[in-house]
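Everything below concerns the one structure shown next.
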Amino acid sequence: MGHYSIGIDFGTQEARAMLVGMDGSCVRSADFSYPHGVMSECLPDGTRLGAGFALQHPQDYIEALDFLMADLFRNDPKLAEQVIGIGIDFTQCTMMPVDEEGIPLCFREELKNEPYAYVKLWKHHGAQQQARRLTETARKRKETFLAYCGGEIYAETMFPKMLETFERAPKVYRRADRFIELADWIPFWLTGSKKRSKSIAGCAALWNPSTGYPSKACLEETAAGFGTAAEKLAGELADVGTPVGYLTQKRAAQYGLPAGIPVAAGLGDCQAAFVGAGLSEEGILLSVMGTSSCDMLVDRRRIGLPGLYGVSADSMIPGMYGYEAGQATMGDLLGWFVNNQVPESYTQKAKEAGMSVFDYLNGLAEAIKPWENGLLALDWWNGNRSVLLDTDLSGMVLGMRMDTRCENIYRALSEALAFGKRRIVEQFETYGIKVKKMYATGGVASKNTFLMQVFSDIMGIPVWISEAENGSCTGSAVYGAVAAGAGAGGYDGLKEAAEAMGGHISRVYMPEERYRQHYDALYKEYKTLYQYFGRENQIMKRLKRQAERGDGD
């Protein structure tokens, strides 16, 4: 009789669960799309939302668990008896306020029309002003933690989002017993344990083992009355690969699983994907390419890298510092283009050819030699995560002419994504962390062969594609197996578990040497635009503010 671990990955639009054997084989998988999706315009009752909102409804996650657990074992209920562990990952920082019992505040009748009572998704960008003020205070006070979050507190993280609620919805802030990341709340829902994950605390809430969260003095100086904010993150912290608790009798009966199964400390989806790709060593950059992209790397040294998202102790592999960077848009940029900018004639031709619009565009763009395009773009449609850490920036395409066609722009956007990744790798290497090779996983990496070849050509290094069907799901299953331990049929160490269960390589893209000189020259031009619009000229921000005001002033 075999043993299995369940990995559950909560993404931006859907959740997925996989039943994974101890050899890494996926025995069953299930998907669930969130009924409410991403709420960026209004709440379920019609309450309008302002600019920058990206909310979700926690009821969707509960329904996801109900469906996924039932679907995994629908055809063979006896498999449930062989489950030894459960691992959870979630987009981060995706957070919400809860009451003393851990119940989401938006479940309360009196708060159903209050936006700040709901889940703030990772890409909620309403807290840029708060992030800037927190950064200014930390700089003035010479806070040491600033060096390890890129020199700038990013608006997508926990404290800016909490401060936004404190200032915009004080009633919700006061009513919240805790603010909790969903990677911590899902394990709570399964186990009743209020333990939190060290990985989540370090990656999204500026926690480190020696000093904890930002000091009361720093938070109070930023906003009077906000000094006690860290108290709303209280809870014992658990190491990755260890249980935060055990499946309750209630949930076990509900899902048809044995009670007492260990549930591992939660992680961000990209942290989970690192071991899901079979990685545990230094010098390998994993890029998780989905709606956005996250770049993960481990190193034994703790080095402050300006402009990179964060450095966290033991966030993926015990004894290693986890480094995180990324791009705030990836698949959703190309999706935006296909959904909004492709002429109907192209859609019709793709249909006649029996292919998707993406595949049709990829073929047209691939036929254009790099030096024939004459366009250059900045990939900031959703702001810049690394290395500028600024959600107020926006995208652009330079060099359009009367003969510019749809496929020219598509190619320029694809190249911009690759230039953005090259800029991140350059930042790592400038500060002494050599990137030996790059792995990629996720839907974009597995499906878009044209884009992956562009990445290899522009970065000048091989790009290895993990064959893991869902690297985050597999990685969560790995952590679940380690939480169970060898005695229960799992593993006692993450390195051993990652090597045994992690994904193998499905394809390697090698750079075209004939393109190197052209792309090196074009990258210099990209960096000129990057510096000018990212640091020197505030026109993008002025235009954004004007559009948000909508008053012509």
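Applying 1/(1 + (r/R0)^6) with R0 = 22 Å to the Cβ-Cβ distance of H504 and M355 gives a FRET efficiency near 0.20.
Based on every Cα atom in region 241-389, Rg and the maximum pairwise Cα distance Dmax equal 21.3, 64 Å.
Rg/Rh, computed from the Cα trace of the chain with Rh as the Kirkwood radius, has the value 0.95. The apolar share of the surface of the chain, taken as the fraction of accessible area on carbon and sulfur atoms (1.4 Å probe, ligands and nucleic acids excluded), comes to 49 percent.
Please state, as a whole number in µm²/s, the translational diffusion coefficient that the Stokes-Einstein equation yields for region 463-536 at 10 °C and 1.306 mPa s, with Rh defined as the Kirkwood radius across alpha carbon pairs.
Numbers: Rh = 15.9 Å.
Stokes-Einstein gives a translational diffusion coefficient of 100 µm²/s.
Sorting the segments 154-167, 12-25 by their residues' average number of neighbouring beta-carbon atoms within 10 angstrom, most packed first, yields 154-167, 12-25. Ordering I368, M501, I424 by Cα displacement along the dipole of the chain toward the positive end leaves I424 in first place; charges were set at the Cβ atoms of Lys, Arg (+1) and Asp, Glu (-1).
Against the empirical 2.2 N^0.38 Å scaling, what ratio does the C-alpha Rg of region 121-171 come to?
Values: Rg = 11.0 Å, N = 51, 2.2 N^0.38 = 9.8 Å.
Normalised Cα radius of gyration, region 121-171: 1.13.
Starting from 0 in steps of 5 Å, tell me what percent of the Cα-Cα pairs of region 354-401 lands in each bin. Bin by bin from 0 Å, the calculated values are 5, 17, 16, 16, 19, 17, 9, 1, 0.
Computed about its Cα centre, the charge dipole of the chain is approximately 1140 debye, with only Lys, Arg, Asp and Glu carrying charge at their Cβ. When the Cα convex hull of region 214-313 is projected onto planes of every orientation, the mean area is 10.3 nm².
Suppose we look only past 19 Å in the calculated P(r) of region 277-363. What percent of the Cα-Cα pairs does that tail hold?
Value for region 277-363: 55 percent of Cα pairs lie more than 19 Å apart.
Order 264-275, 349-360, 55-66, 464-475 from most to least packed using the mean count of other Cβ atoms within 10 Å.
On the way: 264-275: 31.7, 349-360: 14.5, 55-66: 19.6, 464-475: 26.6.
Descending mean neighbour count gives 264-275, 464-475, 55-66, 349-360.
Compute the projected area of the convex hull of the Cα atoms of region 94-219, averaged over all viewing directions, and report it in nm² to one decimal place. Present the calculation step by step, with values, prior to reporting the outcome.
Working: hull surface 30.9 nm².
Result: a mean projected hull area of 7.7 nm².
Averaging Cα coordinates gives a centre for region 374-392 and one for region 27-48; these two points are 27 Å apart.
Screening the chain for whole DSSP H helices with an alpha carbon extent of at least 30 angstrom along the helix axis and a mean Kyte-Doolittle hydropathy of at least -0.5 yields 406-430.
At a Cβ-Cβ separation cutoff of 4.7 angstrom, cysteine residues of the chain with no neighbouring cysteine are C26, C42, C93, C106, C149, C203, C218, C406, C473. Volume per residue of the convex hull around the Cα atoms, evaluated for region 30-105, comes out as 133 Å³. Considering only beta bridges that DSSP places wholly inside the chain, some 70 percent are antiparallel.
Global dimensions of region 328-483 from alpha-carbon coordinates: Rg and Dmax equal 17.1, 60 Å. When the C-alpha to C-alpha distance is required to be over 32 Å, the pairs from K369/K541; K140/K541; K140/K194; K216/K437; K123/K527; K161/K544 that qualify are K369/K541; K140/K194; K216/K437. The smallest convex shape that holds all Cα atoms of region 404-553, its convex hull, gives 193 Å³ per residue.
The alpha carbon centroids of region 61-128 and region 275-348 are separated by 23 Å. Sorting 168-176, 340-348, 302-310 by their mean Cβ neighbour count within 10 Å, with the most densely packed peptide first, gives 302-310, 168-176, 340-348. Can you give the % of DSSP beta bridges in region 325-476 that are antiparallel, to the nearest 5? Of all bridge pairs located within region 325-476, approximately 50 percent are antiparallel.
Over region 439-500, the pair-distance histogram of Cα-Cα distances with 5 Å bins from zero comes to 4, 17, 20, 16, 12, 12, 9, 6, 3, 0 percent, rounded to whole numbers. So which trypsin sites (Lys or Arg not before Pro) in region 65-160 are both in a DSSP loop and have at most 11 other Cβ atoms within 10 Å of their Cβ? Qualifying residues, ordered by number: R74, K142. The residues of the chain present an accessible area of 38 Å² per residue when probed at 1.4 Å with all protein chains retained.
From the alpha carbon centroid of region 394-449 to that of region 232-248 is 37 Å. Secondary structure note: in region 1-113, about 70% of the DSSP beta bridges are antiparallel.
The values are calculated or read from the model by the stated rules, or taken from the named source; none is laboratory data. Please read these numbers as outputs of a predicted model, since none were measured by experiment. Cβ atoms come from the backbone with ideal geometry, glycine included; neighbour counts cover every protein chain shown. SASA here: full protein model, heavy atoms, side chains in, ligands and nucleic acids out. Shrake-Rupley method; radii C 1.70, N 1.55, O 1.52, S 1.80 Å.
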